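What follows is a single structure, written as structure tokens, with notes after it.
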Amino acid sequence: MATNSIAISKDLEAISFWQGAVVVLGRFFFALIFLFAAPNHFTKQTIAFSASQGVPLASISVPLSGVVAIAGGLSILLGYRAKLGAWLIVLFLIPVTLMLHKFWTVTDPMMAQIQMILFMKNISMLGGALLVSQFGAGPFSLDARRSR
């Protein structure tokens, strides 16, 4: 056996403290936008704006989406059932992206550009959520602690 082989634990490569810390920082940065934006989903202004954009039953669906964003964001941040939390974020992002960032319908070029940027931001977050849904929270998470 080679003396410079990597230690394998539960079919995963051994991870250094710094690699684990980077993963925690990534989870923190990813979850931050959902946790900061979600409280706005309970305001009259956000509900009215969403209704004006054609969101059905906005007075119910917008606050509900806030609850989903908070639950998914906290789940990923803490690394507790992070795969489920990531699917909640996917469930949140798909309708929000398609209903509120329809850049293809905006006639003003500046507003169309802004909506396209917001659309692409959500698409990139959707990609991150899909990665977490498959790979989990990584080390230094409540999920990792539970599996020991």
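The values are calculated or read from the model by the stated rules, or taken from the named source; none is laboratory data. Small disclaimer: the values here were computed from a predicted structure and weren't measured. Counting neighbours? That spans all protein chains shown, and the Cβs are built from the backbone with ideal geometry, glycine included. With ligands, DNA and RNA removed, areas are computed over all heavy atoms of the protein, side chains included. Shrake-Rupley method; radii C 1.70, N 1.55, O 1.52, S 1.80 Å.
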- Message: Skipping prolines and chain starts, which residues have an amide H placed within reach, meaning under 5 Å, of the one on Arg81, given they are 5 or more residues away or on another chain?
- Response: Asp143
- Got the relative contact order for the chain handy, in percent, Cα pairs under 8 Å and 6 or more residues apart? 25
- Query: Excluding ligands and nucleic acids, what accessible area in Å² is computed for Leu35 using a 1.4 Å probe, to the nearest 10?
  - Reply: 40
- How much accessible surface does Ser141 have with a 1.4 Å probe, in Å² rounded to 10? 10
- Can you sort Arg145, Arg27, Arg81 by 1.4 Å-probe accessible area, starting with the largest? Arg145, Arg81, Arg27
- Query: For the chain, with equal point scatterers placed on the C-alpha atoms only and solvent neglected, what are the log10 I(q)/I(0) values from the Debye formula at q = 0.10, 0.19 1/Å, to two decimals?
  - Reply: -0.43, -1.11
- Using a Förster distance of 30 Å, the FRET efficiency for Lys121-Arg148 (Cβ separation, nearest 0.05): 0.25
- Query: Among His41, Gly79, Trp104, which residue has its Cα positioned farthest towards the positive end of the charge dipole of the chain, with +1 placed on the Cβ of Lys and Arg, -1 on the Cβ of Asp and Glu, and the dipole taken about the Cα centre?
  - Reply: Gly79
- Using the membrane-span-like helix rule (whole DSSP H runs, Cα extent along the own axis of at least 24 Å, mean Kyte-Doolittle hydropathy at least 0.0), which helices of the chain qualify? 17-37, 58-78, 82-100, 109-135
- Note on the structure: Regression test value, accessible area per residue of the stretch 29-131, probe 1.4 Å, units Å², expected 57
- Accessible surface of the stretch 7-132 [probe 1.4 Å, protein heavy atoms]: carbon and sulfur percent: 76
- Given unit charges at Cβ for Lys, Arg (+) and Asp, Glu (-), the dipole magnitude of the chain about its Cα centre in debye, nearest 20, is 320
- Note on the structure: Karplus-derived 3J(HN,Hα) from phi for the stretch 136-142 (6.51 cos²θ - 1.76 cosθ + 1.60, θ = phi - 60°), whole Hz, x at Gly and Pro, runs x, 8, x, x, 6, 9, 5
- Message: Going by Cα centres, the stretch 83-133 and the stretch 15-40 are how many Å apart?
- Response: 19
